[in-house]
Amino acid sequence: MAISNRILIRVLIIEDSDDDRELILRQLTTGGYHSEWICVETQEEMLNALHSQTWDIVLCDYSMPKFDGLTALRLFRETKIDIPFVLISGTVGEDVAVEAMKAGAQDYLMKDNLIRLVHIVKRELSEATIRREKRLADEKIRHQNAVLDAIINNSHSIIIFMLDAQYRYLGFNKNHQKVIRQLYGTEIEVGMSMLDIIEPTERNNQAKARFDRILAGDSFTETEYHTKLNIHYEFHWNAVRNDKEVIGVSCFAIDISERIENEQKLTQALEKATESDQLKSAFLANMSHEIRTPMNGILGFANLLKAPGLNNEKQQAYIKIIEKSGARMLNIIEEIIDISKIESGQVDIFLKQVNINDQLYDIKTFFDPESELKGIKLILNTQINDRQVTITTDQDKINAVLINLVKNAIKYTYEGFVEFGFIEKENYLEFFVRDTGIGIPRDRQSAIFERFTQADIIDIHARQGAGLGLSISKAYVEMLGGKIWVESTPGEGSTFYFTAPHNCDIQEKKNGIEETIPLAESSQEKLVMIIAEDDEISMQYISLIVEDIVKEVISVKTGSKCVEACRQHPEVDLILMDIQMPDLNGYDATRQIRQFNKEVVIIAQTAFGLAGDRGKAIEAGCNDYISKPFDKSDLLALIKKNTRF
């Protein structure tokens, strides 16, 4: 038989006779095996060989000068290696053979009967394979049982138990045992009746009815909430059968509390999303109204100004309406811009020392005419006896919050008073704005600080306003380390409170550092001015404003043209620089001009009007900044401040 067709077998031979070894190998070859073998004669050689590689079988001579087969067998068994061990001898008797088999040998063989060797090898190799596969299967089963036991007995979310036809426990897991202990204070054992444990009678009867239903052959699933355990369970009830006969009840229960205290969250999230969608829809409808209303006033009365023969009194009245409508629309746009900046986390913070008394007096002076016109009293109450109170904070944001709260108080108060001020506490100031206005329902007092809502946003008679002012105020107060809240009774009035630390310990966030560019020396001569503006109407408007103070106006519509004009006209005193222009924006144009002209006054003007734009303008090299829309007095005052005019 060709070697390639023979079965490979790795044989450890313990034998001192070369002739006997050759006889063994010849028998294996005759039987169809290709042997890889080592032959050893001593204890040390055997142990070294056993650990040098994997063997299929050990064939050991019983009697050797330096070693014997029984000693070899004992040492072999101590290694715990599970392969066949066969004794071979020419002198072994029956009693020695029996002793060898008891010691663990798989078989024995007389040297004068080696013809049996192949048969023994085949049988023992087959049985060794069976033992090995059984051992692997047993290990797998033990592992699976261990895992299953861990799942069944260590899981806090699974309950398993079985009852016989008399409602006695056949088995249960640890979690069921724990639950019964918690519910009834009883330690259960196999053989105990579950009905003897459950109290009171009504519950006992319900359980019995359920068990009887299952014993009748029914299977079903149900959910139940245990109030004492605060757990939702899903119970799977099944009948236990012996062939076709029902002999008991099995229960598999899962803790579904997380799936339920998640379904509820999803429901709440859906409700909130629906509410948010409704609020945003109402907000958008309100915004459309708020923008269209002043636009109607602006366009409508601008058209009426065209009427022939319009007397001066009506003309001035129409102009005032247009101005008022424009201011109202500007306020709405500014609120939208502010809330967009807040939502995107782009609000800048500028910290400095602020005299709160001065700020409050300015606010009172600003709102006095409006409150007098409405017939309500505006009271400033600081309780500090005119003592200066200076804190480190962002003045613009504190001012914006106070103005918004006072404006709202006047807006929603029709008689009585509006009082505002602050009291000093341990390390912060507590501001208040109190009114005798319409008040806010209790269930809407937290909603008024949310985005896109007013206290009465869903009312078709919702009062004028975008519903953003209080959410902007809340954001500003919290940015500065304070908090804001309201106390209100419908029909009696409201008091808004907010706090501001003495020293704001948040990190200042701004885009640039204000620097002063040297200005030209004072003179009464008229100015040479570049107006960099790509909007024709704005260009005409600015030109009319400055016509009395300039001797020459150079008009350009792009940033690059502005740089070129400034280079060609070194006599230019002032540049009014629009920030948003084609090909080169105002910031970049200013930076290029500053490379060759440090003296010319540059005032940035923009329609963006965002917090931080002034800082960006100063950083780019501008002397000052004005936001659109601006009136004649504002622009002239800024020019006077920064030039020789």
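The values are calculated or read from the model by the stated rules, or taken from the named source; none is laboratory data. Here the structure is a predicted model, which is why all the values come from computation and not from measurement. For neighbour counting, all protein chains shown are included, and Cβ atoms are generated from backbone atoms with ideal geometry for every residue, glycine included. Heavy atoms of the whole protein, side chains included, go into the accessibility calculation; ligands, DNA and RNA do not. Shrake-Rupley method; radii C 1.70, N 1.55, O 1.52, S 1.80 Å.
Computed from label points 7 Å out along Cα-Cβ, the spacing between F432 and E323 is 3.7 nm.
Amide H to amide H, with H built 1.01 Å from N, Y428 comes under 5 Å of H502, counting only residues 5 or more places away or on other chains. Note on D255: accessible area approximately 50 square angstrom, rounded to 10, probe 1.4 Å, nucleic acids and ligands left out. Computed 3J(HN,Hα) for the stretch 219-224, one whole-Hz value per residue from the Karplus formula 6.51 cos²θ - 1.76 cosθ + 1.60 where θ = phi - 60°, is 10, 7, 10, 8, 10, 8, glycine and proline marked x. Packing, taken as the mean count of other beta carbons within 10 Å per residue, orders the peptides 52-63, 575-586 from highest to lowest as 575-586, 52-63.
Quick check: convex hull over the Cα atoms of the stretch 540-637, volume per residue in Å³, rounded to an integer? Cα convex hull per residue, to the nearest whole number: 97 Å³. Just the protein heavy atoms count here, and of the accessible area of the chain at 1.4 Å, carbon and sulfur take up 51 percent. Approximating the spin labels as points 7 Å out from Cα along Cα→Cβ, the N205-to-T489 distance works out to 5.4 nm.
Relative to one another, the C-alpha centroids of the stretch 387-446 and the stretch 154-187 are positioned 63 Å apart.
Residues whose amide H falls under 5 Å from that of G248, counting only those 5 or more places apart or on a different chain, are V240, with hydrogens built in the peptide plane. Ranked by the mean number of other Cβ atoms within 10 Å of their residues, highest first, the peptides 182-188, 616-622 fall in the order 616-622, 182-188.
Heavy-atom accessible surface of the chain, averaged per residue, reaches 55 Å², computed with a 1.4 Å probe. Ordering S555, F422, I391 by the projection of their Cα atoms onto the charge dipole of the chain, which places +1 on the Cβ of Lys and Arg and -1 on the Cβ of Asp and Glu, puts S555 at the extreme positive end. With the Cα gyration tensor of the chain giving a ≥ b ≥ c as the square roots of its eigenvalues, does the rule (a/c under 1.5 for rounded; else a/b larger than b/c for prolate; else oblate) give rounded, prolate or oblate? Prolate, since a/c reaches 1.5 and a/b exceeds b/c.
Derived scalar couplings between HN and Hα for the stretch 361-370 equal 4, 5, 5, 4, 4, 5, 8, 4, x, 5 Hz in order, rounded to whole Hz, by the Karplus curve 6.51 cos²θ - 1.76 cosθ + 1.60 (θ = phi - 60°), x for Gly and Pro.
Charging the Cβ of each Asp and Glu at -1 and of each Lys and Arg at +1, and nothing else, the dipole of the chain about its Cα centre rounds to 1200 debye.
In this calculation the C-beta distance from R591 to I254 is compared with R0 = 56 Å, giving a FRET efficiency of 0.25.
Applying 1/(1 + (r/R0)^6) with R0 = 45 Å to the Cβ-Cβ distance of N355 and E263 gives a FRET efficiency near 0.20.
A crude spin-label estimate for the pair A128 and H51, with each label 7 Å from Cα along the Cβ direction, gives 2.0 nm. Charge tally for V86 (other residues, Cβ to Cβ under 13 Å; Lys, Arg +1; Asp, Glu -1): -2.
Using a probe of 1.4 Å on the protein chains alone, the accessible area found for E189 is around 120 Å².
Which ³J(HN,Hα) values in Hz, rounded to whole numbers, follow from the phi angles of the stretch 592-600 under the Karplus curve 6.51 cos²θ - 1.76 cosθ + 1.60, where θ = phi - 60° and Gly and Pro get x? The phi angles translate into 5, 5, 5, 6, 10, 9, 8, 8, 4 Hz.
In this structure, R181 and E245 have a Cβ-Cβ separation that, at R0 = 35 Å, corresponds to a calculated FRET efficiency of about 0.60.
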